[in-house]
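Let me begin by presenting the structure, written as structure tokens, before commenting on it.
The values are calculated or read from the model by the stated rules, or taken from the named source; none is laboratory data. None of the values given here were measured: they were computed from a predicted structure. So basically every Cβ, Gly included, is an ideal-geometry build from the backbone, and we count neighbours across all protein chains shown.
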Amino acid sequence: MSWILENLDTIGELTLVHLALSLPAVVIAFLVSIPLAWIANRIRVLREPLLTGTGLLYAVPSLPLFILLPALVGTSVRDPLNVVIALSIFGLALMVRSAAEALDAVTDDVQTSATAIGFSRVGRFFAVELSLAGPALLAGVRVVCVSSISLVSVSAVLGVNSLGSLFTDGFARDIIGSILAGIVMTVVLALICDLLLVLAGRLLMPWNKNAATVRPRLRKRRTQEAAA
Amino acid sequence: MIEFRQVGKTYPDGTTAVEEFSLTVPSRSTAVLLGSSGCGKTTLLRMVNRMVEPSTGSVLIDEEDISGVEPVALRRRIGYVMQHSGLLPHRRVIDNIATVPRLNGASRADARKRGYELMEIVGLDAKLGLRYPGQLSGGQQQRVGVARGLAADPNILLMDEPFGAVDPLVRVELQRELARVQEELKKTIIFVTHDIDEALTLGDQIVVLKTGGAVAASGTPAELLSNRQDEFVSRFLGLDSGARSLSAEKTDDGELLISDAQGRPLGVVPAQTDRADRP
Ligand SMILES: Nc1ncnc2c1ncn2[C@@H]1O[C@H](COP(=O)(O)OP(=O)(O)OP(=O)(O)O)[C@@H](O)[C@H]1O
Ligand SMILES: [Mg+2]
């Protein structure tokens with residue numbers, strides 16, 4: 001345990017590096033999955049090929065992908081960019097289907113009524129469809145987030161630093177504290193990020209029945225506004 | 001004024017929903033499209049805001065053929081209320097009502113102010129404004145739907161079975177409320193229903209439709225009630241079976257005597273006044 005106390009700085013630093021590798025991948029996977037999902041829903045013949053195709057990306061073994069990417073993208077072997085790209089691909093594999101299903105589940109009734117009151121196509125997509133798909137999209141993002149945070153560790157094998165380095169080093173040098181710290185911090189990080197996503201969901205989607213309603217303080221302010 | 005000129009609609013799958021339908025709805029009057037399920041009421045209604053393009057014929061608003069009007073702009077100046085309120089579940093009641101003024105470019109504050117005015121007009125407590133639609137009763141949601149339909153102060157209001165999903169008592173209350181609002185605001189309304197009492201209560205003009213958008217009968221409520229010639233209409237209105245609680249008979253002065261099922265006189269309608277031309 002003394003190893004952990006002596007190396008708190010390193011652990012903290014690696015945690016941040018770990019985050020810096022996984023979060024961009026989550027964001028990229030999310031942003032790319034939306035247009036792909038939109039196309040899958042819009043052009044029905046493309047739906048299954050697209051969804052199954054992207055889904056299969058997840059079956060690509062991660063280690064070879066990490067190794068192949070530099071050759072494909074032209075980065076150096078230890079470039080963290082390889083990790084971000086690989087994780088984005090895995091995230092996309094998880095996210096596209098859930099995004100397509102989330103967007104598809106928005107009822108025709110609401111869409112018809114949004115059209116009837118004068119939303120343009122694009123306006124309706126952003127103001128209505130995307131918002132209403134929010135809770136289901138969030139569920140998808142949570143899976144991608146946790147999966148990315150745990151997958152980053154593999155990069156340590158390639159010599160790209162992350163919390164994974166704590167267990168590669170720990171095994172190599174036989175330091176139990178280091179191995180433990182690596183595992184625990186990865187899990188804690190995943191849990192914290194997941195929790196933050198849930199909280200963000202409640203804040204951004206207070207209308208969602210499965211989320212808590214508006215906090216009392218907010219409610220009071222809004223009631224005053226109504227009375228005015 | 002809304003004019004359907006021999007419109008027809010055949011959907012891509014080959015279903016002919018409407019054929020050769022013509023109707024003129026004078027400004028500031030209510031026309032009710034009455035008919036059983038699948039006879040083309042919604043299809044006709046949606047031709048007015050270009051959600052359905054007629055396959056033949058044309059629709060005119062104030063003499064202008066709307067096929068030349070940009071659909072989104074057109075919809076923003078026509079109110080639309082539908083059966084399951086069609087409210088946006090992720091927006092507060094007040095913002096649902098304010099949506100249309102916002103789309104038309106009003107500031108958020110102005111749009112909300114307008115929203116609260118409308119809530120008052122349709123008889124909704126202002127404190128419901130901050131709820132989400134899911135937190136309202138069906139009847140309240142329909143009121144919000146009506147308020148939203150009126151929010152852009154449109155001349156035209158299209159209503160597709162707006163009270164179809166609420167219980168009979170609330171329904172009657174909503175009808176009364178709408179009649180009151182109409183008395184005040186004088187919109188040109190096309191109202192779709194398959195409830196005969198609703199049609200008689202709200203319509204200045206009622207069009208009874210058969211399958212394929214064929215007009216079985218049309219006229220003022222009084223004219224329809226006294227019309228026993230057309231078998232389909234009589235049967236539809238229940239005039240033959242006694243199921244209809246009201247019936248009408250022309251008196252010597254040309255007035256209509258309305259009686260209930262037991263033949264007890266209820267009141268008199270001066271048949272000559274066209275309700276559409278009320279000042
Ligand atoms: N998008 C569509 N594609 C193909 N057929 C359609 C479409 N919309 C409606 N129809 C058909 O057109 C006919 C008229 O439909 P419409 O919705 O206008 O009826 P309605 O009178 O409003 O019925 P309801 O009272 O049940 O709402 C029906 O036979 C229906 O199946
Ligand atoms: Mg209909």
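In segment B:19-29, the count of residues that are within 16 Å of ligand 2 (Cβ to nearest atom) and assigned by TED's automatic domain parsing to the domain that holds B:Leu209 is one or more.
Tally time: how many residues in segment B:28-46 are under 19 Å from A:Ala114 (Cβ atoms) and more than 7 Å from ligand 1 (Cβ to nearest atom)?
Total meeting the criteria: 2.
Residue selection: A:Ala139 satisfies the criterion of being modelled with pLDDT of 90 or more, within 30 Å of B:Leu130 (Cα to Cα) and in a helix (DSSP H, G or I).
For segment A:93-111, a tally of residues being out of contact with any Leu (no Cβ under 7 Å at 6 or more places or on another chain) and either surrounded by 17 or more Cβ atoms within 10 Å (Cβ to Cβ) or away from every other protein chain (no Cβ under 14 Å) (or both) returns 7.
Taken across segment A:180-191, residues that are surrounded by fewer than 18 Cβ atoms within 10 Å (Cβ to Cβ) and either touching a Phe, Trp or Tyr at 6+ places or on another chain (Cβ under 6 Å) or among the aromatic types (Phe, Trp, Tyr) (or both) do not occur at all.
Against the numbered list (1) away from chain A (no Cβ under 11 Å); (2) of a type in the set (D, E, K, R); (3) within 16 Å of ligand 1 (Cβ to nearest atom); (4) touching a helix residue (DSSP H, G or I) at 6+ places or on another chain (Cβ under 7 Å), B:Arg114 comes up short only at (3).
The condition of being under 12 Å from the mean Cα position of the chain (by Cα), over 30 Å from A:Leu68 (Cα atoms), within 14 Å of another protein chain (Cβ to nearest Cβ) and not β-branched (Val, Ile, Thr) holds for A:Leu138. For segment B:4-22, a residue qualifies if it is touching a strand residue (DSSP E or B) at 6+ places or on another chain (Cβ under 8 Å) and either more than 21 Å from B:Pro71 (Cβ to Cβ) or near ligand 1 (Cβ under 8 Å from one of its atoms) (or both), and the qualifying residues are B:Gln6, B:Lys9, B:Tyr11, B:Thr16, B:Ala17, B:Val18, B:Glu19, B:Glu20, B:Ser22. The listed residues are B:Leu209, B:Leu237, B:Leu224, and the only one of them that is touching a helix residue (DSSP H, G or I) at 6+ places or on another chain (Cβ under 7 Å), at pLDDT 80 or above and more than 13 Å from B:Ala31 (Cα to Cα) turns out to be B:Leu224. Can you tell me which residues in segment B:154-171 are away from ligand 2 (no atom under 11 Å from the Cβ), within 13 Å of another protein chain (Cβ to nearest Cβ) and part of a loop (DSSP other than H, G, I, E, B)? Within segment B:154-171, B:Pro154, B:Pro162, B:Ala165 meet the criteria. Is one or more of the residues making up segment B:124-133 in a loop (DSSP other than H, G, I, E, B) and within 22 Å of B:Pro154 (Cα to Cα)? Yes, segment B:124-133 contains a residue that is in a loop (DSSP other than H, G, I, E, B) and within 22 Å of B:Pro154 (Cα to Cα).
Report whether or not B:Met82 is within 16 Å of ligand 2 (Cβ to nearest atom), at pLDDT 95 or above and either in contact with a Cys (Cβ under 6 Å, 6 or more places away or on another chain) or not small (Gly, Ala, Ser) (or both). In short, no. Residue count for segment B:138-166 satisfying the condition of being in contact (Cβ under 8 Å) with a residue 24 or more places away in the chain and surrounded by fewer than 24 Cβ atoms within 10 Å (Cβ to Cβ): 14. So, in segment B:197-215, of the ones that are away from ligand 2 (no atom under 16 Å from the Cβ) and touching a Gly at 6+ places or on another chain (Cβ under 8 Å), which residue ends up nearest to B:Thr24 (Cα to Cα)? Per the stated criteria, the residue is B:Gln205. Kindly evaluate A:Ala29 against the criterion of being farther than 25 Å from A:Leu196 by Cα and of a type outside the set (Ser, Thr, Tyr). Spelling it out, it is not the case that A:Ala29 is farther than 25 Å from A:Leu196 by Cα and of a type outside the set (Ser, Thr, Tyr). Among the residues of segment A:71-80, the ones that are assigned to a helix (DSSP H, G or I) and either β-branched (Val, Ile, Thr) or surrounded by 17 or more Cβ atoms within 10 Å (Cβ to Cβ) (or both) come to 2 in all. Among the residues of segment B:120-137, the one identified as without any contact (Cβ under 8 Å) to a residue 40 or more places away in the chain, crowded, with 17+ Cβ neighbours inside 10 Å and more than 10 Å from chain A (Cβ to nearest Cβ) is B:Leu124. Scanning segment B:90-109 for residues that are closer than 14 Å to A:Arg124 by Cα and either within 16 Å of ligand 2 (Cβ to nearest atom) or not basic (Lys, Arg) (or both), which turns out surrounded by the fewest Cβ atoms within 10 Å (Cβ to Cβ)? Out of the qualifying residues, it is B:Leu103. So is B:Ser37 within 16 Å of ligand 2 (Cβ to nearest atom), more than 14 Å from chain A (Cβ to nearest Cβ), in contact (Cβ under 8 Å) with a residue 24 or more places away in the chain and exposed (fewer than 15 other Cβ atoms within 10 Å of the Cβ) or not? Yes. Pairs meeting the criteria (first residue in segment B:71-92 and within 7 Å of chain A (Cβ to nearest Cβ), second residue crowded, with 19+ Cβ neighbours inside 10 Å and assigned to a strand (DSSP E or B), beta carbons under 9 Å, at least 6 apart or on different chains) are B:Tyr80/B:Leu157; B:Tyr80/B:Leu158; B:Tyr80/B:Met159; B:Tyr80/B:Asp160; B:Met82/B:Leu158; B:Met82/B:Met159; B:Met82/B:Asp160; B:Gly86/B:Tyr80.
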